[in-house]
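Have a look at the structure below before the remarks.
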Amino acid sequence: MITRSAEDQAELEAPAKPRVGAQPGTAIPLRRGANLRLAAILLLVLLIIGFLIWRFLFPTPQEKTHVQVVPVGVSKIATGDMPVELMGLGTVTPLATVTVQTQINGQLIAVGYKEGQIVQKGQFLAQIDPRPYQIALTQAQGALAHDTGLLNQAKSDLARYLALDRANAIAKQTVTDQQFLVQQDTGTVMEDQAAVNNAKLNLAYCHIVAPVTGRAGLRLVDPGNYVQTASATGLVVLTELQPITVIFVLPEDQIQSVTAQMQAGAHLAVTAYDRNEEKAIAEGVLTTVDNTVDTTTGTVKLRATFPNTNLALFPNEFVNAQVVLQTLKNVPEVPVRAVQTGAPGTFVYLVTPGHTAHVQVIKPGVTVGDVTQVISGLKPGDTVVTDGAGLLREGAKVRVIPNGNAAPVQVNNGPGAPPGAQPQNAQPMRKHKHRAKPAQ
């Protein structure tokens with residue numbers, strides 16, 4: 001237990017001394033005034049909060065009856081035929097690309113084609129100087145005539161020896177030797193005949209003709225040059241253009257659906273589009289599917305054949321090949337711009353008979369152009385919102401604008417911006433290309 005002295009106890013019980021310069025009795029009124037101001041501020045805040053809560057819980061009759069009506073453009077669900085299509089990047093590949101080479105050595109003295117000309121199979125292309133080969137042919141024919149004469153003489157002697165042998169007027173060895181001599185001369189004549197044929201072939205090689213029908217490229221060798229068989233350049237390149245093929249690739253996951261249609265005997269139509277997938281270049285048919293999967297890309301090569309009667313497809317051109325697998329008949333279609341994606345999944349705003357918007361979840365199928373197949377969720381005749389969906393919510397009142405002149409949702413980048421008050425950075429929605437995607 002702590003004990004204090006009498007002086008400490010007296011010091012504690014003594015009243016506090018006022019500050020120097022302070023008037024007696026002023027401290028308590030100042031503290032009391034500050035408390036009053038704080039209480040007034042708190043009271044004002046409470047009154048404001050209470051007023052706001054009251055206005056929210058008990059709106060005026062005018063506020064109760066005011067409901068915002070959103071102008072929208074609509075479209076009715078119709079039915080139609082939709083093709084199931086696959087798209088792959090490809091290259092235009094000719095059936096034949098031939099580099100015309102000389103098969104003999106000699107001077108090029110004439111060219112019988114123009115650059116870019118369509119030449120037919122067997123048409124004259126170039127002429128090699130034939131004079132050396134004509135001389136060689138004459139020499140071969142002379143040797144053949146000489147040796148043919150020797151053979152005929154040997155045969156005549158053999159016939160005479162055989163007659164003498166039957167009369168036992170000549171030795172058997174002489175007859176046998178003459179028979180061998182006839183056989184040797186026969187072989188010599190055959191060699192001479194082969195030399196004649198070879199000389200004729202070389203002479204024919206001097207006259208170069210087109211091996212295939214196609215377009216002639218730029219001239220690679222000008223007349224007057226000495227051409228050789230060892231040259232890898234060639235004289236000209238011919239490219240077959242009609243028909244022509246497109247080799248394109250598809251993911252390996254889509255090949256089963258393609259092969260199933262081909263095994264069923266279907267002739268799958270293929271359309272070649274330009275690089276931007278906007279313009280159709282040519283129509284053809286799928287010819288074959290490669291037998292292996294490219295393990296580096298996970299794709300399979302396919303070949304389609306095109307008549308190319310208008311020469312629209314150019315060799316080595318990049319194109320997009322679209323294969324039509326099948327056509328879905330009489331399926332419900334919804335405009336692409338009506339389809340929304342959000343927390344419920346894929347949905348549209350369905351206009352009810354009471355002119356309110358209802359969030360309708362749908363299951364989409366293939367997409368072709370500006371319409372999408374509806375597998376479930378909608379039926380023909382339903383009305384869906386195509387423009388103005390950015391201002392809608394479940395149960396919102398809508399007003400149908402004729403001809404779909406409502407403010408499109410695609411150009412509204414700001415949340416809740418009314419029509420005509422979109423921010424300056426608003427961007428219009430890109431147009432959908434004519435490309436179909438298979439149902440997932």
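The values are calculated or read from the model by the stated rules, or taken from the named source; none is laboratory data. Given the structure is predicted, the values throughout are model-derived calculations rather than measurements. Cβ placement follows ideal geometry from the backbone for every residue including glycine, while neighbour counts extend to all protein chains displayed. What goes into the accessible areas is simple: the full protein's heavy atoms, side chains included, and nothing from ligands, DNA or RNA. Shrake-Rupley method; radii C 1.70, N 1.55, O 1.52, S 1.80 Å.
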* **Every residue from segment 316-342 that is under 24 Å from the mean Cα position of the chain (by Cα), among the β-branched types (Val, Ile, Thr) and within 27 Å of Ala264 (Cα to Cα)** => Val323, Val324, Thr327
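List the strands (runs of 3 or more DSSP E) inside segment 95-150, counting only whole elements, that have at least 3 residues being of a type outside the set (Asp, Glu) and open to solvent by less than 40 Å² (accessible area, probe 1.4 Å).
Working: elements: 97-100, 106-111, 124-128.
In segment 95-150, 106-111, 124-128 are the strands (runs of 3 or more DSSP E) which contain 3 or more residues that are of a type outside the set (Asp, Glu) and open to solvent by less than 40 Å² (accessible area, probe 1.4 Å).
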* To do: Would you please list the contacts, defined by Cβ atoms under 6 Å and residues six or more apart or on different chains, that run from a residue in segment 145-159 that is modelled with pLDDT of 95 or more to a residue that is open to solvent by 60 Å² or more (accessible area, probe 1.4 Å) and aromatic (Phe, Trp, Tyr)?
  => none
* To do: Considering only residues that are open to solvent by 20 Å² or more (accessible area, probe 1.4 Å) and of a type in the set (Asp, Glu), look in segment 359-402 and name the one that is nearest to Thr327 (Cα to Cα).
  => Asp370
* To do: Look through segment 332-358, keep the residues that are open to solvent by 50 Å² or more (accessible area, probe 1.4 Å) and not hydrophobic (A, V, I, L, M, F, W, C), and return whichever of them is farthest from Leu392 (Cα to Cα).
  => Pro353
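Residues are listed down the side, and each one gets a yes or a no for (1) open to solvent by 50 Å² or more (accessible area, probe 1.4 Å); (2) more than 30 Å from Asn308 (Cα to Cα); (3) at pLDDT below 95; (4) not charged (D, E, K, R):
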position	(1), (2), (3), (4)
Ala163	no, yes, yes, yes
Ala167	yes, yes, yes, yes
Val196	no, yes, no, yes
Cys206	no, yes, no, yes
Thr229	yes, yes, yes, yes
* Restricting attention to segment 126-149, does a residue exist that is among the polar types (S, T, N, Q) and in contact with a strand residue (DSSP E or B) (Cβ under 9 Å, 6 or more places away or on another chain)? -> yes
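Residue-by-condition table, conditions (1) closer than 12 Å to Gln322 by Cα; (2) of a type in the set (Ser, Thr, Tyr):
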site: Val249; (1), (2): yes, no
site: Thr259; (1), (2): no, yes
site: His267; (1), (2): no, no
site: Ala280; (1), (2): yes, no
site: Leu286; (1), (2): yes, no
site: Asp290; (1), (2): no, no
* Pairs, please: C-beta under 7 Å, at least 6 apart or cross-chain, first residue part of a helix (DSSP H, G or I) and in segment 38-56, second at pLDDT 80 or above? -> none
* Within segment 88-102, is even one residue without any contact (Cβ under 8 Å) to a residue 24 or more places away in the chain and closer than 27 Å to Pro211 by Cα? -> no
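Regarding segment 212-227, can at least one residue be identified that is out of contact with any strand residue (DSSP E or B) (no Cβ under 9 Å at 6 or more places or on another chain) and either open to solvent by 40 Å² or more (accessible area, probe 1.4 Å) or not in a helix (DSSP H, G or I) (or both)?
Looking through segment 212-227, none of the residues is out of contact with any strand residue (DSSP E or B) (no Cβ under 9 Å at 6 or more places or on another chain) and either open to solvent by 40 Å² or more (accessible area, probe 1.4 Å) or not in a helix (DSSP H, G or I) (or both).
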